[in-house]
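Report on one structure; see the data block that follows.
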Amino acid sequence: MIRLPYDFNSIEEKWLRKWAENKIFEPKPSGKKFLLTVPWPYCNGALHIGHGRTYTIGDIVARYKRMKGLNVLYPMGFHISGTPILAFSKKIENGDQATISLYRSYLELYGDDPSKVSEFSVPSNIAAYFSERIINDFMNMGFSIDWTRKFTSGEPIYNKFVEWQFRTLQKMKLIKRGDYPLLYSAEEGNPVGEDDILEGDTDKVSIVQYTGVFFYVGKDILLASTLRPETLDGVTNIFLNPEAHYCRVNIKGQSFIVSKRSYEKLKYQRDAEFVEDVDVSDYFHKKAKEPLYSREIPILPAKFVDPDIGTGIDYSVPAHSIWDHVALLDIGEKVDYIRVIELEGKGVDIEEIRKKFGITGLDDREKLSEATKYVYEQEYYHGKIIKGKFSGYNVKDAKDKIIGDMIEMGIAFPVYETSRKAETREGNPVIVAVIKNQWFIDYSIEEWKEKVRDLVETMELRPDNLKNQFLQTVDWIRERPCARRRGLGTELPMEKGWVIESLSDSTIYTVVYTIIPFLRRMKFEEIDDDLFDYIFFGNADLSGKSDVTKREAEGARREFLYWYPVDLRHTSYPHISNHLTFYLFNHVAIFPRNEWPVGISTGGMVISEGQKMSKSKGNVYPLLTIKRKYGADLFRMYLASNADVWYDVDWRTSEVENYLKKLERFYSLLEEARSVEGEPDERDLWLVSRMIDRILKSSASYDAMKIRDATIDLFFNALNDIRELENFAGKVRTLRAVRKFAKEWALSLSPVMPFVSEEIYSMYGGKGFASLQPYPVMENPYKKHEEEWNFVESLVEDFRSITKVSNMKPRRLTISTAEEWKWKLLEESKTRDIRSLMKAADPEQREYLAKLVKRRDFPYHVRDEDAVIKKYADDLSRYLNVEIILSKEPEHAKKSVPGRPAIILE
RNA sequence: GCGGGGGUUGCCGAGCCAGGUUAAAGGUACCAGACUUAAGAUCUGGUUCCGUAGGGAUUCGGGGGUUCAAAUCCCCUCCCCCGCACCA
């Protein structure tokens, strides 16, 4: 009869049912609490193994803390704010085949009718469908989540909460408005994010600020754009592209000349009014006045000037720009080079650079770019200005001042450009637009930052370097736009037509977990700012509200005070510089000090088959499939043991398969051990000793979130020890020893593998749920046996290494332990000066003493080695397949030392 | 560039903070053997080099230093990954 030893499917189903029936993960407020949160999932698709990691780590911690006697709340909600869901539903509505087939595959995965995909043209249906599936996925993974507290970022109660939050921030003057440059699509009429840009995730697009400098030609201003305004003193001429189209535009009453393409973009940055096209050739015989000293400089043609970058007009500084230099050579024009920047007393010789990079003409675009970068880096980081108002400054320090100065003088304004040419996924160009009256949360306020720094200093952060990363982020964080024109979420309470941006609406939402059941029982229309003020600050008057609302408000306040603050927030490291930092800022601003976050930990990502997950590589595995194929315990165990929490995990199917075998062995071993008769042999108690130590040690590992260490030791190393005993002492003796710690062993692994642990725990007659048992603590009365075994083990190792080199199959093993005088000298060497011992010693003793000096910490724990050898003689004899002889012959003992008897093979 | 993290024995990956017990955990792969009709699974031994006695030599990106002793501490250098925002 073939019996499946380990049917994880039925085991998991059984315990899922029992946990749910007994509602064991729905804590009531009593005792010492532990609130653990992990960011809510964004529900626009099926979860894959990458998503599973953070929640798994969170759950392992939750389960461990629970076993340590804390009242653990591990809640979860769903994030639906922002644009992706909206974008997907729109694509489905528009019949986009790729999206439709993707969503059909999701439906199929979950066993639903793929033709239902058309329902996803309504965004809320996507959110509703996937949030339901995710609950199911999470339950299947064994996450000990309290689902009674779930909510979404799109539901009306939550909207009220976020409105309250924003009005509170506004009262504190932390919200302001201003103009702000954003990546934008003119054709689509929207700002665009990374996901909207073609290859935006792999080749990032950022906003670059050029300086548009005014050069006067009669009444017109040639608007030349530059990344190096510090070189303006060295301008020798203007370059226009003779083949490009230029036009005259009116900006605030001034007449500017820019390229036609530049105008198309510029009008999204400032009020620019098209006047007329101009003929570029009209300018080549004219002179322009540069704005600093009104020097007259020539306007020259150059084809390298790209009308689609900046303003399409370049002011030429040939002493510092390789492009300008080569362009002048190209058209054979001679001008007097003016050096503005020096490097350690001398300048960069631009002609030398040209030769060094082997540039022959304007067609060597790659070399030109390379040389430009080289010159720029040299001059920016090491250069000193030697001309003009800022003479004497380092370029690095002066650059921003120079820009500010020019803008103040009215001879320049910023012109924004994308860092590379980019288009949206729909094929439209990406430009930079200045959005007027954008709403911001002003994270730049210094007093606010200071409070956050103070908090960071006192928090429990893992890994340790998180502290530096946060402090760094706090330093550079500035105003953050907090509202967009489109997307799902909460409407900005201050102004219609804006939706609160999806990271800004999720900064203090963790507090809602503590009160949501109460909010749901209130009269919805009575939920207002006063109510939240009452719950969180206890300082609002609720006398006008109904009894039910008042009563629930009291309950909400009680639970808020009980559960908050969040003891640990765990998420992946990409959140450090955004979400987690906002999380800290907003808590600090809104809540009193004792409700501020206590701890944060960050974890790594998941890569798959050695590579980043991507659909094209075919290495994206849905969580559900993994669960069906391998079971949740295996998934969790793999994630826990493959990498430390803060490093990336590599999911490799071939390894996963091997882990499954190990898990099966673990299970069948414990199952067999249950029914074996008899007490453990005294000789085998070392295994019990090691196991007890492992379990004790694992507690410290879990505490430090060294989950991997705990798992490897408790699982792999333990299994290896058991196998060793099995080889040495046979199956029955091994099972007897295993039975001694089976229940505790299962419990110690319960945070990582909760299902199989429950099963084993109950199999061994455990009462209640393994998930709710205290983490095992055991006395170790068997330390002596372990030390004896270590001695035997090293004996076996020596035997092996000798048989290996000597290449023989010995029939007899003669063992001779160290002579008494060696032990005595060893003892004496601990208290007496080695030198005096040496003097008194004979040659043989000297030799031995020299060895002692070399190895100060002689590893011996067993004093009566003969007795131990006698005790294990039968085992050894069988195991090594030799006759064991314990010798007292002085000849044999020669090589022996305490802890390491001499052995002779024959 | 700034900030963070890395480069370890075939591969993945511990160790490094608290230097010696480390040829260096664990996993995986590979080789040989046991079992088996066979394969798989399982188990045993091995996988830097030398060695017919438990030993020795060389090794932890590269170079230098501190020390009786360095993968571990210090300095220099090369290379890789991540974040630098409006994106969830």
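Straightening the chain between A:Ser101 and A:Glu787 buys 240.6 nm, computed as 0.36 nm per residue apart minus the Cα-Cα spacing.
Model label points for A:Lys697 and A:Asn250, set 7 angstrom from Cα along the Cα-to-Cβ axis, are 8.2 nm apart. Take the Cβ atoms of A:Asn717 and A:Asp454, set R0 to 60 Å, and the FRET efficiency comes out at 0.90.
Charge dipole of the stretch A:207-418 (Cα centre as origin; +1 on each Lys and Arg Cβ, -1 on each Asp and Glu Cβ, all else neutral): 380 debye, rounded to the nearest 20. Of all beta bridges that DSSP places with both ends in chain A, some 70 percent have antiparallel geometry.
What a 1.4 Å probe finds exposed on the stretch A:212-259 is 50% carbon and sulfur by accessible area, rounded to a whole percent. Separation of the stretch A:139-174 and the stretch A:378-437, taken as the distance between their Cα centroids, equals 40 angstrom.
With a threshold of 24 Å on the Cα-Cα distance, the over-threshold entries among A:Lys804/A:Lys894; A:Lys171/A:Lys523; A:Lys65/A:Lys150; A:Lys396/A:Lys451; A:Lys68/A:Lys743 are A:Lys171/A:Lys523; A:Lys396/A:Lys451. Can you list which of the trypsin sites (Lys or Arg not before Pro) found in the stretch A:197-289 are DSSP loop residues with at most 10 other C-beta atoms within 10 Å? For trypsin sites (Lys or Arg not before Pro) across the stretch A:197-289 that sit outside H, G, I, E and B with at most 10 neighbouring Cβ atoms in 10 Å, the list reads A:Lys219, A:Lys252. For a test of the definition: using alpha carbon positions, the gyration tensor, and the 1.5 limit on a/c, classify the stretch A:376-443 as rounded, prolate or oblate. Prolate, since a/c reaches 1.5 and a/b exceeds b/c. Find the percent of Cα-Cα distances in the stretch A:706-838 that exceed 18 Å, and round it to a whole number. Summing the P(r) of the stretch A:706-838 above 18 Å gives 71 percent of all pairs.
Once both labels are positioned 7 Å from their Cα atoms along Cα-to-Cβ, the gap between A:Asp306 and A:Lys662 label points is 5.2 nm. Here the contact order of chain A, divided by its residue count and restricted to Cα pairs under 8 Å and six or more residues apart, works out to 13 percent. Does the stretch A:1-146 come out rounded, prolate or oblate by the C-alpha gyration tensor, with a ≥ b ≥ c the root eigenvalues, rounded set by a/c under 1.5 and, if not, prolate when a/b is larger than b/c and oblate if not? It comes out oblate by the Cα gyration axes.
Taking each of A:Lys219/A:Lys384; A:Lys90/A:Lys627; A:Lys18/A:Lys629 in turn, the alpha-carbon distance tops 29 angstrom for A:Lys219/A:Lys384; A:Lys90/A:Lys627.
The radius of gyration of the Cα set in the stretch A:207-418, together with its Dmax, comes out at 16.3, 48 angstrom.
Solvent exposure of chain A amounts to 45 Å² per residue of accessible area, where only protein heavy atoms count and the probe is 1.4 Å.
On full extension, the segment bounded by A:Asp400 and A:Asn539 gains 45.3 nm, given 0.36 nm per residue less the C-alpha separation. Around the Cα centre of chain A, unit charges on the Cβ atoms of Lys, Arg, Asp and Glu (plus for the first two, minus for the last two) sum to a dipole of about 2000 debye.
For the stretch A:8-69, the Kirkwood hydrodynamic radius comes to 14.0 Å, computed from all pairs of different C-alpha atoms.
Summary of packing: across the peptides A:435-445, A:223-233, the per-residue average of other C-beta atoms within 10 Å ranks them, highest first, as A:223-233, A:435-445. Using the Cβ-Cβ distance between A:Gln845 and A:Ala873 with R0 set to 30 Å, the FRET efficiency works out to roughly 0.50.
Taken one residue at a time, the phi angles of the stretch A:462-476 give Karplus couplings (6.51, -1.76, 1.60, θ = phi - 60°) of 9, x, 4, 6, 4, 4, 4, 5, 5, 4, 4, 4, 4, 5, 8 Hz. Gly and Pro are set to x. Here the stretch A:15-51 is scanned for amide nitrogen atoms under 13 Å from the site 7 Å beyond the Cα of A:Arg521 along Cα-to-Cβ, giving A:29. For the stretch A:256-294, the list of chymotrypsin sites (Phe, Trp or Tyr not before Pro) that fall in a loop by DSSP and count at most 11 other C-beta atoms within 10 angstrom reads A:Tyr293. Surface composition of the stretch A:408-509: carbon and sulfur atoms hold 44% of the protein heavy-atom accessible area at a 1.4 Å probe. Taken one residue at a time, the phi angles of the stretch A:259-265 give Karplus couplings (6.51, -1.76, 1.60, θ = phi - 60°) of 5, 4, 5, 4, 4, 4, 8 Hz. Gly and Pro are set to x. To the nearest Å, what is the center-to-center distance of the stretch A:583-636 and the stretch A:664-728, using C-alpha atoms only? For the stretch A:583-636 versus the stretch A:664-728, the Cα centre distance is 30 Å.
The alpha carbon centroids of the stretch A:1-69 and the stretch A:207-278 are separated by 61 Å. For the stretch A:419-463, backbone nitrogen atoms closer than 11 Å to the point 7 Å from A:Arg478 Cα along Cα-to-C-beta are found at A:444. A simple rule links phi to the HN-Hα coupling: the Karplus curve 6.51 cos²θ - 1.76 cosθ + 1.60 with θ = phi - 60°, which for the stretch A:670-679 gives 5, 5, 5, 4, 4, 9, 7, 8, x, 7 Hz, with x for Gly and Pro.
Look at the Cα gyration tensor of the stretch A:116-159: its axes a ≥ b ≥ c give a/c of at least 1.5 with a/b at or below b/c, and that counts as oblate. Label sites at A:Asn428 and A:Val548, each approximated as a point 7 angstrom past Cα along Cα to Cβ, lie 4.8 nm apart.
Between the residues A:Ser255, A:Tyr268, A:Leu198, the greatest Cα displacement towards the positive end of the dipole of the stretch A:179-269, with unit charges on the Cβ of Lys, Arg, Asp and Glu, is found for A:Ser255. Rounded to the nearest 10 degrees, the inclination of helix A:8-21 to the longest alpha-carbon principal axis of chain A is 80 degrees. Taking 0.36 nm per residue of separation and subtracting the Cα-Cα distance, full extension of the segment from A:Lys496 to A:Phe284 would add 71.2 nm. For chain A, the alpha carbon convex hull comes to 264 Å³ per residue, rounded to a whole number.
The values are calculated or read from the model by the stated rules, or taken from the named source; none is laboratory data. Keep in mind the model is a prediction, meaning the values are calculated, not measured. Note: ideal-geometry Cβ built from the backbone for every residue, glycine included; neighbour counts use all protein chains shown. What goes into the accessible areas is simple: the full protein's heavy atoms, side chains included, and nothing from ligands, DNA or RNA. Shrake-Rupley method; radii C 1.70, N 1.55, O 1.52, S 1.80 Å.
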